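Just below is one structure, and these are the notes that go with it.
The values are calculated or read from the model by the stated rules, or taken from the named source; none is laboratory data. Predicted model only: the values in this text are computed from it and were never measured. We place every Cβ from the backbone using ideal geometry, glycine too, and count neighbours over all the protein chains shown. Remember, those area values only see protein heavy atoms, side chains included, never the ligands or the DNA or RNA. Shrake-Rupley method; radii C 1.70, N 1.55, O 1.52, S 1.80 Å.
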Amino acid sequence: MRAGFSLVCLCLLALTAAGLAVGAQEQDAPPEPRAAADVAADPHAAILAETLFPSASECAACHPAQYEEWRFSSHAYASISPMFHKFEQRINDLSQGTVGYFCMRCHATVSTSLGESRAMPLWERSQVSREGVTCVTCHRVDEYYGKVNGERRILRGDIREPVYGSIGGAGVAEVIENREAYNVAATEGEMGLDIHRQGIRFEQLGQSEFCLSCHQVAVHPGIKLETVWDEYRASPALAEGITCQDCHMSTRPGQPSGYATGPAAIVNGRTVNDARKRTNHAFVGPGYPITHPGIFPHHPAARRFSARDWLAFDYRAGWGTPDFEDRVAEGAVEIDFPEPWAYEDDRVEARLIVDENLRKIEEKAALRHDLMESSSRIDGPYFRRQPRTGRDLAFHYRVTNLNKGHNMPSGSLGAQPEIWLNVALIDPAGETVWESGYVDSHGDMADLHSLDVQAGTLPHDGQLFNLQSKFLTTNLKGTDREMYLPVPFDADQIPFIRPANVPTSILNHPPFIRMEKRSIPPLGSKDAKYSVPGRLLETPGLYRLAVRMRSRAEPLYFMKFVGATKDMERAMNEWMVDIHPYTVEFAVE
């Protein structure tokens, strides 16, 4: 990729990540902005933040089950993701800051509302700002929104202010009416546990439209980068009356399997509305975290240490484990520990938090695997003709999207989520003689963007079955070319985001740019076709075809492009998932 093109094409990615459209720059700044230096220097900033916008940890006092589900969700990860911060910062650097707060408006709604600078380090932000899409992001909204990108006005106020839900406030009213029995305080000056004084029914919170403003993205050139709403609007799910919440907050990930029942709250040990509908706040999807497990999932005990402290804690080396600490005590390990971790007791306490969080990530991984297994199917192989020695072997697999609500894959970042097939032919001697869907030395599939393919050290995988969408752009010369970011080359020396200069209605597509979607629509299928040269089947006997579907949140070449660390790349590959692996044996005569 040409360096000049890279600079310009990166400018628009922020809008993909944020799930919002570009507006006039005067609208970028959050309401009532405060200077970054003021926020960082103000000793009362954290107190002010949680007074205006209560932290999820406050809500956990009465809603522990919901908090446990939310604390490892992608919503909770939105503003703490290192990948988000890497490309958000890079984009602003390269576009002369013209992206502004666009990404933050969805990823860090409270931070934006507080006027915190988008460039503020994570460890200087208030706790509630680090919580991304936190409780108040949804439950302190009383305005109906349609297709307005990144638009969400959170009502200000401490924990006592009313909250909004899709069912109503009968449970809150019951507690307030019997406040002495529940030992709660709904107004200032009362003794007891502080709670909100009213629950108000807000119908849209239970409708798909509520999700729309951060999950459908259109930007200046006229291209839609995230199209979940468009996919859902044309889906069988909508026709059947199935909402986003019915699948993503149900008893089984990704399936309209109904809702659990249970208490709406547990107030000082007493349950409220025991048999009420219980939505799952894990919001299970295909994403996964790659940050330090002391920082995420959110953990109340982890707040004793700052985010900066956690980044200095080497959990991979075993700090805080009995074996490691025994070796340190015996002198077998000599480490000049950074100041926050100089004492064994602190390291042991940190290790307990890390281990608990790693278990939560494993739980998330299992839910993710269940989601993707139940939402897809692979059938085959289907042979075009009887396999013979010395004759080309032609076959295909059929991949089906069992999801009724949207394409596979869907989600944010437009062209980034990866799903591809890895197929291998194994001969009678047990040797792999042919493969498609193999990866390079970095872990990327061998498509045109693989760094090894570009360097000529790995052959291009010409038969790759890849459902990852791609952007096609027209540059200074030549025809369309496939790119992983959706901005055509601009001759300006100062790149910035601008609207298209030709109306989309004239060309019937955005000028110089379009998205080539390779995803599978709801309940649709695609055939993955392959051909193996006959010279690789010279020996008669039993052959095997092994297949698996692979999924990863981000390509490694893109992570390198935005400056991801080696540990981020390692974690991205560690949490990849293999779906529907199986092997078929067949005879070649």
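Residue check: is Asp314 at pLDDT 95 or above, over 30 Å from Ala282 (Cβ atoms) and open to solvent by 40 Å² or more (accessible area, probe 1.4 Å)?
Values: at pLDDT 95 or above: yes; over 30 Å from Ala282 (Cβ atoms): no; open to solvent by 40 Å² or more (accessible area, probe 1.4 Å): yes.
No.
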Check your understanding: So which residues in the stretch 498-553 are touching a strand residue (DSSP E or B) at 6+ places or on another chain (Cβ under 7 Å), at pLDDT below 80 and more than 23 Å from Tyr232 (Cα to Cα)?
Key -> Phe512, Ile513
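How many residues does the stretch 93-119 hold that are part of a helix (DSSP H, G or I) and in contact with a helix residue (DSSP H, G or I) (Cβ under 7 Å, 6 or more places away or on another chain)? Before you say what the answer is, go through the steps one by one.
Residues of the stretch 93-119 part of a helix (DSSP H, G or I): 93-94, 102-107, 109-114.
Remaining after also requiring in contact with a helix residue (DSSP H, G or I) (Cβ under 7 Å, 6 or more places away or on another chain): 94, 102-107, 109-112, 114.
Result for the stretch 93-119: 12.
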Practice item. State all residues of the stretch 428-458 that are charged (D, E, K, R) and either loosely packed, with under 13 Cβ neighbours inside 10 Å or touching a Ser or Thr at 6+ places or on another chain (Cβ under 8 Å) (or both); if no residue qualifies, say none. Key: Glu431, Asp440, Asp444, Asp452
Exercise for review: Report, ordered by the first and then the second residue, all pairs with beta carbons closer than 6 Å, sequence separation of six or more or different chains, a first member in the stretch 56-84 that is more than 30 Å from Arg552 (Cβ to Cβ), and a second member that is in a helix (DSSP H, G or I).
Suggested key: Ser57/Pro300; Cys59/Cys135; Ala60/Tyr67
Check your understanding: Between residues in the stretch 114-129 that are over 17 Å from Asp309 (Cα atoms) and residues that are open to solvent by 20 Å² or more (accessible area, probe 1.4 Å), which pairs lie under 6 Å by C-beta distance while being six or more apart or on different chains?
Key -> Gly115/Glu32; Gly115/Pro33; Gly115/Arg34; Ser117/Ala36; Arg118/Tyr101; Val128/Glu50
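Does Asp93 fit the bill of being farther than 21 Å from His107 by Cβ, modelled with pLDDT under 85 and surrounded by fewer than 16 Cβ atoms within 10 Å (Cβ to Cβ)?
On the way: farther than 21 Å from His107 by Cβ: no; modelled with pLDDT under 85: yes; surrounded by fewer than 16 Cβ atoms within 10 Å (Cβ to Cβ): yes.
For Asp93, the condition - farther than 21 Å from His107 by Cβ, modelled with pLDDT under 85 and surrounded by fewer than 16 Cβ atoms within 10 Å (Cβ to Cβ) - is not met.
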**Study point:** Only one of Glu482, Glu589 that is exposed (fewer than 15 other Cβ atoms within 10 Å of the Cβ) and either modelled with pLDDT of 90 or more or in contact with a Cys (Cβ under 9 Å, 6 or more places away or on another chain) (or both)
**Key:** Glu589
Point to revise | Sole exception among (1) among the small types (Gly, Ala, Ser); (2) on the phi > 0 side of the Ramachandran plot; (3) in contact with a helix residue (DSSP H, G or I) (Cβ under 8 Å, 6 or more places away or on another chain); (4) open to solvent by less than 30 Å² (accessible area, probe 1.4 Å) for Ala350, by number | key: (2)
Practice item. Among the residues of the stretch 534-579, count how many are crowded, with 16+ Cβ neighbours inside 10 Å, part of a strand (DSSP E or B) and of a type outside the set (A, V, I, L, M, F, W, C). Key: 5
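Restricting to the stretch 340-385, give me the number of residues that are under 30 Å from Thr539 (Cβ atoms) and without any contact (Cβ under 8 Å) to a residue 24 or more places away in the chain.
Of the residues in the stretch 340-385, the ones under 30 Å from Thr539 (Cβ atoms) are 378-385.
Remaining after also requiring without any contact (Cβ under 8 Å) to a residue 24 or more places away in the chain: 379, 382, 384-385.
Qualifying residue count for the region: 4.
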Exercise for review: Identify all residues within the stretch 298-326 that are closer than 30 Å to Val128 by Cβ and among the small types (Gly, Ala, Ser); write none if there are none.
Suggested key: Ala301, Ala302, Ser306, Ala307, Ala312, Gly320
Review point. Where residues in the stretch 120-139 are assigned to a loop (DSSP other than H, G, I, E, B) and open to solvent by 20 Å² or more (accessible area, probe 1.4 Å), which of them is farthest from His63 (Cα to Cα)?
Key: Pro121
Exercise for review: Name the single residue, out of those in the stretch 182-206 being open to solvent by 60 Å² or more (accessible area, probe 1.4 Å) and of a type outside the set (Asp, Glu), that is nearest to the chain's Cα centre (by Cα).
Suggested key: Arg201
Point to revise | Residues located in the stretch 68-82, provided they are under 19 Å from Leu311 (Cα atoms), open to solvent by 10 Å² or more (accessible area, probe 1.4 Å) and in a helix (DSSP H, G or I) | key: Tyr77, Pro82
Practice item. Among what's in the stretch 239-262 and is farther than 16 Å from Ala282 by Cα and without any contact (Cβ under 8 Å) to a residue 24 or more places away in the chain, pick the residue that is least open to solvent (accessible area, probe 1.4 Å). Key: Gly241
Check your understanding: Which of (1) farther than 23 Å from Ile266 by Cβ; (2) of a type outside the set (S, T, N, Q); (3) open to solvent by less than 20 Å² (accessible area, probe 1.4 Å) is the odd one out, the single condition Tyr101 does not satisfy?
Key -> (3)
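Return yes or no: is Ala14 at pLDDT 95 or above, buried (at least 24 other Cβ atoms within 10 Å of the Cβ), part of a helix (DSSP H, G or I) and not charged (D, E, K, R)? Spell out the reasoning first.
On the way: at pLDDT 95 or above: no; buried (at least 24 other Cβ atoms within 10 Å of the Cβ): yes; part of a helix (DSSP H, G or I): yes; not charged (D, E, K, R): yes.
Criteria not met by Ala14.
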Exercise for review: Kindly provide the set of residues from the stretch 360-384 that are open to solvent by 50 Å² or more (accessible area, probe 1.4 Å) and under 19 Å from Ala546 (Cα atoms), ordered by number.
Suggested key: Glu373, Arg377, Tyr382, Phe383, Arg384
Check your understanding: For the stretch 140-173, how many residues meet the condition of being assigned to a helix (DSSP H, G or I) and surrounded by fewer than 17 Cβ atoms within 10 Å (Cβ to Cβ)?
Key -> 2
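Count, please, the residues in the stretch 210-220 that happen to be outside any strand (DSSP E or B) and open to solvent by 20 Å² or more (accessible area, probe 1.4 Å).
Taking the stretch 210-220 first, the residues outside any strand (DSSP E or B) are 210-215, 219-220.
Restricting the remaining residues to those that are open to solvent by 20 Å² or more (accessible area, probe 1.4 Å) gives 211, 214-215, 220.
Total satisfying the criteria: 4.
Considering only residues that are surrounded by 15 or more Cβ atoms within 10 Å (Cβ to Cβ) and aliphatic (A, V, I, L, M), look in the stretch 459-479 and name the one that is farthest from Pro510 (Cα to Cα). Lay out the reasoning, then the answer.
Of the stretch 459-479, the ones surrounded by 15 or more Cβ atoms within 10 Å (Cβ to Cβ) are 461, 463-475.
Checking which are aliphatic (A, V, I, L, M) leaves us with 464, 467, 472.
Details: Leu464: 28, Leu467: 22, Leu472: 11 Å.
For the stretch 459-479, the residue satisfying everything is Leu464.
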Review point. Which residue pairs have Cβ atoms under 7 Å apart, sit 6 or more places apart or on different chains, and have a first residue in the stretch 186-214 that is under 11 Å from Arg160 (Cβ atoms) and a second that is among the acidic types (Asp, Glu)?
Key: His196/Glu161
